[in-house]
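The values are calculated or read from the model by the stated rules, or taken from the named source; none is laboratory data. These figures come from a predicted structure and were not determined experimentally. Methodologically, a virtual Cβ is constructed for each residue, glycine included, from the backbone with ideal geometry; neighbour enumeration extends over all protein chains shown. Only protein heavy atoms, including side chains, enter the accessible area calculation; ligands, DNA and RNA are left aside. Shrake-Rupley method; radii C 1.70, N 1.55, O 1.52, S 1.80 Å.
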Amino acid sequence: MALDIKNIRAQFPALHQEVHGRPLVYFDNAATSQKPQMVIDAIAHYYNKENSNIHRGVHFLSQQATDKYEVAREAVRRFINADAIEEIIITRGTTEAINLVASCLSQWLFKEGDEIIISAIEHHSNIVPWQMACERSGAVLKVIPVLDSGELDMDAYRNLLNDKTKLVAVNHISNALGTINPVEEMIPLAQEKGALVLIDGAQSAPHTDIDVQALNCDFYCFSAHKMYGPTGVGVLHGKKEILEKMPPYHGGGEMIKEVKFEGSTYNDLPFKFEGGTPNIAGGIGLEASIRFIEEIGIENIAAQEAELLAYATEKLKETGGIRFVGEAKNKAGVVSFLIEGIHPYDAGTILDKLGIAIRTGHHCAQPVMDRFDIPGTMRASFAVYNTKEEIDVFIEGIHKVKQMFG
Ligand code: 7TS
């Protein structure tokens, strides 16, 4: 189905502005996407009319806010096809979701000499929490290497797996390279060895259909702000039988059943992992962002972005002197590249002056840059509202950069 991109763009107020006197071209969607009016309205409406704390008041506003927050949880469940709402923990984002699992597993599961496997193309938030878990528990971190193409070395992965492997944590889509990892293949390989699997879906939730039951992963996490929703809210999906065994993360209100000085008992799932007043407006905004995606259809979004990726890659190739970093066969709407002889930061600064927002640097994936022996890349990442005309403006910008520094 051909999407009405003009109509979609009209729903995003932030896209209709000038930056440095030029119409904004926003290609930094892997960092965070812009927000449609329906998400902004849902949040504004909550603060204008519904503001109240949830899960505790008997009064009207509190019950109404609680209902809306729980509607959001159900929307998330449906969005990722989870089995039950008890499995949906609303967090501050992907980073908090991974830290929650790493912290709880280091108390409950990991022992001296156990092994945790991550990949060479992880975001820092899927590296550092596991390093901290290793420090706490004596477990050892192992890393799946990446091939020159930007694809994971699957033979090396098979060889890393053994009876000591307790957890595999990999991203579904790499933010630095755009590689779509073969998680459908990776998950059962780990589980055959008795390991748990966490999938970092920060980059996949906005672009791919997610079915946690079909994937059969033990944990899946993502952030609302990369999928047209607000910042400061995200999701941890975990299998119920594992979440039930895990100790709680944050202690405080909401996550308890009974508190006595001699000891406290913990609440049922999912509240056991949701201590403190949550980002209520954020949860309500997340529900609106899911509705936005579902109205367009995730497969239509993916098709639009695939077209943009193919077009941008072809046009960049035509300009010459481009080194692509990450050329996996199976790739999402991210182009990471360098212009030969030009520092990405210099190029990014010139593009900014032309109203073009791309990301330059290590993209919170420093080991990827070390692996490819580069200081960083220029990264253009696409969302459903981007157009080929914007890519043409971007390519003109690349020509200007080359003229200035070439
Ligand atoms: N995992 C991946 C694969 C990511 O791309 C990001 C954020 C995170 C985890 C962390 O998500 P957060 O919402 O908790 O911060 N990625 C990026 C990026 O590529 N540029 O800025 C943030």
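List every residue whose amide H lies under 5 Å from the amide H of Lys331, counting only residues 5 or more places away in sequence or on a different chain, with H placed 1.01 Å from N in the peptide plane.
Here the answer is Ile180, since their amide H atoms fall under 5 Å of that of Lys331.
Considering only Cα-Cα distances, which of the following residue pairs are longer than 31 Å: Lys240/Lys260; Lys240/Lys329; Lys6/Lys400?
Lys240/Lys329
Mind running the shape call on region 40-294? Use the C-alpha gyration tensor, a ≥ b ≥ c as the square roots of the eigenvalues: rounded below 1.5 for a/c, prolate if a/b tops b/c, oblate otherwise.
oblate
Quick check: net charge around Ile296, other residues with Cβ under 15 Å of its Cβ, Lys/Arg +1 and Asp/Glu -1?
For residues surrounding Ile296, the net value is -3.
Could you provide, to the nearest whole Å², the per residue accessible area of the chain with probe 1.4 Å?
Per residue, the chain has an accessible area of 42 Å².
Kyte-Doolittle mean at least 0.0 and Cα extent at least 15 Å along the axis: which DSSP H helices of the chain qualify?
Span-like helices in the chain: 94-108, 280-296.
Restricting to bridges with both residues inside the chain, how much of the DSSP beta-bridge set is antiparallel, in percent to the nearest 5?
For the chain, the DSSP antiparallel bridge percentage is about 60.
With θ set to phi - 60°, apply the Karplus curve 6.51 cos²θ - 1.76 cosθ + 1.60 along region 4-14 and write out the HN-Hα couplings as whole Hz, x wherever there is a Gly or Pro.
8, 5, 4, 5, 5, 4, 4, 7, 10, x, 5
How much of the accessible area of region 40-294, in percent, comes from carbon and sulfur atoms when a 1.4 Å probe is used?
Carbon with sulfur: 51 percent of the solvent-accessible area.
Pop the C-beta distance of Ser149 and His59 into the FRET formula with R0 = 41 Å and round what comes out to the nearest 0.05.
FRET efficiency, Ser149 to His59: 0.10.
Measure out, as a whole number of angstrom, how far apart the alpha-carbon centroids of region 324-397 and region 47-96 sit.
36 Å
Could you name the aspartates and glutamates in cross-link range of Lys353, using Cα to Cα under 19 Å and dropping any fewer than eight places away on the same chain?
The reachable aspartates and glutamates, counting only those whose Cα sits under 19 Å from Lys353, are Glu18, Asp28, Glu389, Glu390, Asp392, Glu396.
Nothing charged except the Cβ atoms of Lys and Arg (+1) and of Asp and Glu (-1): what's the magnitude of the dipole of the chain about its Cα centre? Round to the nearest 20 debye.
My answer is approximately 700 debye.
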